[in-house]
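What follows is a single structure, written as structure tokens, with notes after it.
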């Protein structure tokens with residue numbers, strides 16, 4: 001059924017376009033239909049090679065847009081978007097010629113400090129991730145291991161803050177930062193992101209799975225609450241910490257509105273805002289350079305995901321199994 005659907009969709013598309021450029025698109029439809037068919041077969045089998053083949057095929061299909069973006073970024077500046085059959089840049093002799101100088105031009109742009117944008121994003125992201133893990137883990141330890149009056153209602157109220165969308169709190173946060181004199185500084189980009197109700201909830205659910213007998217044994221040896229937190233709980237929570245760090249990294253690195261609102265000068269912009277400035281001022285009609293800037297923004301996200309993807313499944317299921 002999947003293959004038939006792919007054939008039908010590709011045939012309809014080709015009849016409407018009636019152009020030779022539709023051949024790669026038709027092939028993509030057929031490839032996607034074949035991947036679905038293999039997935040259906042693999043799910044009904046217990047043999048690992050078929051499952052691995054299905055996953056590899058799906059990964060190749062999902063990575064195709066990123067590969068397309070990288071290949072477009074290696075074309076000559078001011079070149080139009082190439083057809084799919086001409087994605088590999090070539091010189092007049094037909095030999096492959098990759099314009100790696102596009103990355104040097106974007107990072108060393110004469111009017112826009114793209115390298116400064118990159119440094120700002122790195123500093124803000126890593127500072128927020130580290131500070132958020134520390135603060136959130138302390139709060140999660142208190143909500144999961146300490147007993148005090150009003151703990152459950154306070155935690156419910158704390159989790160209830162997740163119901164409010166980010167734009168709802170942007171104006172109060174902006175007014176607070178203005179009164180503190182922190183606008184257009186690193187403090188405005190870092191401090192609002194230190195607290196995360198989601199990270200507290202994620203870590204608390206994991207801490208609840210750690211046996212309380214470990215705390216009692218540590219207290220018999222004379223350990224304080226902070227010593228139990230740092231020597232017992234944290235070493236056993238590496239998976240939860242990695243999951244929370246990954247989610248925090250993705251959220252801060254791709255944040256657009258907060259850096260746009262809380263900063264005014266070009267030197268304090270992050271990569272997401274800098275990419276928008278680059279597109280509006282220079283790269284809007286220059287697709288290779290625009291794709292080059294997009295690759296620079298997405299590459300750290302891809303590497304972080306590749307190194308932390310094994311924790312995502314465990315992070316999603318935290319607290320679901322007792």
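Any read-out appearing in this document is the output of simple, stated calculations on the displayed coordinates, not a laboratory observation. The structure presented is a predicted model; accordingly, all values stated were derived computationally and were not measured. Every residue, glycine among them, receives a Cβ derived from its backbone with ideal geometry; neighbour counts consider all protein chains shown.
Quick check: from the Cα gyration tensor, does segment 122-228 come out rounded (a/c under 1.5), prolate or oblate?
Judged from the Cα gyration tensor, segment 122-228 comes out prolate (a/c at least 1.5, a/b above b/c).
Go through 63-72, 219-228, 116-125, 286-295 and give me the packing order, highest mean Cβ count within 10 Å leading.
Per-residue mean Cβ counts within 10 Å order the peptides as 286-295, 116-125, 63-72, 219-228.
Which of the peptides 165-172, 142-149 is most tightly packed, and how do the rest follow, judged by the mean count of other Cβ atoms within 10 Å per residue?
Going by the mean number of other Cβ atoms within 10 Å, highest first, we get 142-149, 165-172.
Can you give me the convex hull volume of the Cα atoms of segment 114-316, divided per residue and expressed in Å³?
Per-residue hull volume (Cα only) is 144 Å³.
Rule-of-thumb check for segment 171-271: C-alpha Rg over 2.2 N^0.38 Å?
1.46
Mind ranking 272-278, 304-310 by how tightly packed they are, going by the mean number of other C-beta atoms within 10 angstrom, highest first?
272-278, 304-310
Order these by the 10 Å Cβ neighbour count, fewest first: 103, 98, 141.
98, 103, 141
Give the order of 129, 232 when sorted by the count of other beta carbons within 10 angstrom, beginning with the fewest.
Ranked by crowding around the Cβ, least crowded first: 232, 129.
State the volume of the convex hull built on the alpha-carbon positions of segment 186-227, expressed per residue in Å³ and rounded to an integer.
Looking at segment 186-227, the number lands at 79 Å³ per residue.
Ignoring solvent entirely, what values of log10 I(q)/I(0) come out of the Debye formula for segment 34-178 at 0.09, 0.10, 0.19 Å⁻¹ when each Cα is a single scatterer?
Taken in order of the listed q values, log10 I(q)/I(0) reads -0.71, -0.83, -1.11.
Largest first, please: the extent of the C-alpha atoms of segment 76-120 along each principal axis, to the nearest Å.
Projected onto the principal axes, the Cα atoms of segment 76-120 cover 39, 18, 16 Å.
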